[in-house]
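The values are calculated or read from the model by the stated rules, or taken from the named source; none is laboratory data. All values reported here derive from a predicted model rather than from experimental measurement. With ideal geometry, Cβ positions are generated from the backbone for all residues, glycine too; neighbour counts draw on all protein chains shown. Calculation scope for accessible area: heavy atoms of the full protein, side chains included, ligands and nucleic acids excluded. Shrake-Rupley method; radii C 1.70, N 1.55, O 1.52, S 1.80 Å.
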Amino acid sequence: MNTEVRDRIDIRRGDITRLTVDAIVNAANTSLLGGGGVDGAIHRAAGPQLLVKCRTIGGCPTGEARITGGYNLPARFVIHTVGPVYHRTTPAKAEGLLMSCYENSLALASQNGAEEVAFPAISCGIYGYPIEKACRVAIDTTIRFLETETVVKKVIFVLFSEGDSKVYADYLAHLENFSD
Ligand code: AR6
């Protein structure tokens with residue numbers, strides 16, 4: 001990882017709904033009609049117009065992403081992506097799907113001119129993806145993307161727990177030791 005790309009990645013602890021960034025990513029389900037976890041928090045903070053908009057989209061397959069406005073959120077956009085349910089498939093397939101979530105979300109952010117994008121730990125709550133494995137997919141995919149990306153300037157990983165943010169920070173530090 002080169003230092004230019006490293007400087008475009010941030011790790012923060014907290015509630016993603018509070019972030020004033022261009023786009024926050026939602027860990028949604030295929031219906032896009034809301035749920036628990038970060039999805040519930042985003043819908044509550046965005047207000048009922050978000051659900052009205054999501055109803056018009058017609059769902060989203062696992063691994064893909066869709067974009068809406070942020071409504072009452074400080075963020076301008078919400079990018080809804082659907083992570084894999086970890087134990088519903090093989091680890092290799094889950095990894096491919098999770099990678100697609102990050103790739104497709106970042107591509108949508110870029111297409112919509114979002115310079116700062118924040119991600120929660122997609123699939124790491126109700127969907128049961130182990131945080132250490134998911135963290136590698138999230139960070140590796142983001143680094144690969146940023147190496148050739150010019151619109152998206154910054155990617156922020158927002159972790160709810162101290163333990164999860166340490167997993168991310170440790171992995172980034174590990175990569176820095178092997179940076180070119
Ligand atoms: N800010 C940042 N991270 C959060 C927040 C928040 N406000 N709230 C929770 N997290 P989850 P999934 C973390 O379960 O595993 C929903 O019902 C949480 O600690 O929200 O992809 C959807 O509708 C965890 O690390 O998403 C789907 O049905 C991470 O966000 C299903 O859950 C993701 O946990 C998706 O499950």
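Here are the numbers for this structure:
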{"read-out": "Matching entry among L32, L51 (being over 25 Å from K166 (Cα atoms) and crowded, with 22+ Cβ neighbours inside 10 Å)", "value": "L32"}
{"read-out": "Among (1) within 10 Å of the ligand (Cβ to nearest atom); (2) in contact with a strand residue (DSSP E or B) (Cβ under 7 Å, 6 or more places away or on another chain); (3) open to solvent by less than 50 Å² (accessible area, probe 1.4 Å) - the single one A23 does not satisfy", "value": "(1)"}
{"read-out": "Tabulated pairs, the stretch 12-36, first acidic (D, E), second assigned to a strand (DSSP E or B) and near the ligand (Cβ under 9 Å from one of its atoms), C-beta under 8 angstrom, 6+ apart or interchain", "value": "D15/V158"}
{"read-out": "Of all residues making up the stretch 41-72, the number that are within 16 Å of the chain's Cα centre (by Cα) and either within 17 Å of F119 (Cβ to Cβ) or assigned to a loop (DSSP other than H, G, I, E, B) (or both)", "value": "12"}
{"read-out": "Residues of the stretch 74-96 that turn out to be surrounded by 21 or more Cβ atoms within 10 Å (Cβ to Cβ) and in a helix (DSSP H, G or I), as a count", "value": "1"}
{"read-out": "Among residues of the stretch 90-109, those that are within 14 Å of the ligand (Cβ to nearest atom) and either under 20 Å from Q49 (Cα atoms) or more than 12 Å from the chain's Cα centre (by Cα) (or both), counted", "value": "2"}
